[in-house]
Amino acid sequence: LSLFLLILLALGISQFPSLGIENYLVRFNESPDSSFYLNYSDMNGYGHSLLPFFLYRFYWLLFGIFIYFFTLLIWQRELTNSVFERLTVAKNRYRGKLSFTLMISLICFLSFGFYIFQQQNLPGNNLFFEKNKTALLSQFQEKFGKYEYT
């Protein structure tokens, strides 16, 4: 069952935009238009575009750290018969350095995601989601369509 869910999730992530989920904070390990962010120029190198690329990568790295420590928490080290017993064992293990690291990684992941979300939704920042791209393209064609064959 777990392997099936993992494969389903891996294949389903690429279908998120067709379902209307276009925010990059919920699309695992994707950054907005990486071909834009990683263009190199002889004038200024990567310029201002490298920082946003690494911000998204760091955001998903924090999620990976959280998943790693959560996996350590629920790892089956003793024989259990039911899910309830496994959760009881995990609850007993939730103390000390493991609990501290798990909570810190979760708090950092959520706060960093909140910061990125706030920066995305500033009035001057226009991320070009599919609906915005079509509206912008239609405005552009209306405004400059008369110059198409000149």
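For region 52-128, the fraction of C-alpha pairs more than 22 angstrom apart is 42%.
Sorted on the mean count of surrounding Cβ atoms within 10 Å across their residues, most packed first, peptides 99-112, 66-79, 38-51 read 99-112, 66-79, 38-51. Taking Cα centre as origin and charging only the Cβ of basic (Lys, Arg, +1) and acidic (Asp, Glu, -1) residues, the dipole magnitude of region 52-128 rounds to 220 debye.
Readers should treat all values here as calculations from the given coordinates under stated rules, not as data from a laboratory. These numbers were taken from a predicted model, which means no experiment stands behind them. Cβ coordinates were reconstructed from backbone atoms using ideal geometry, including for glycine residues, and neighbour counts include every protein chain displayed.
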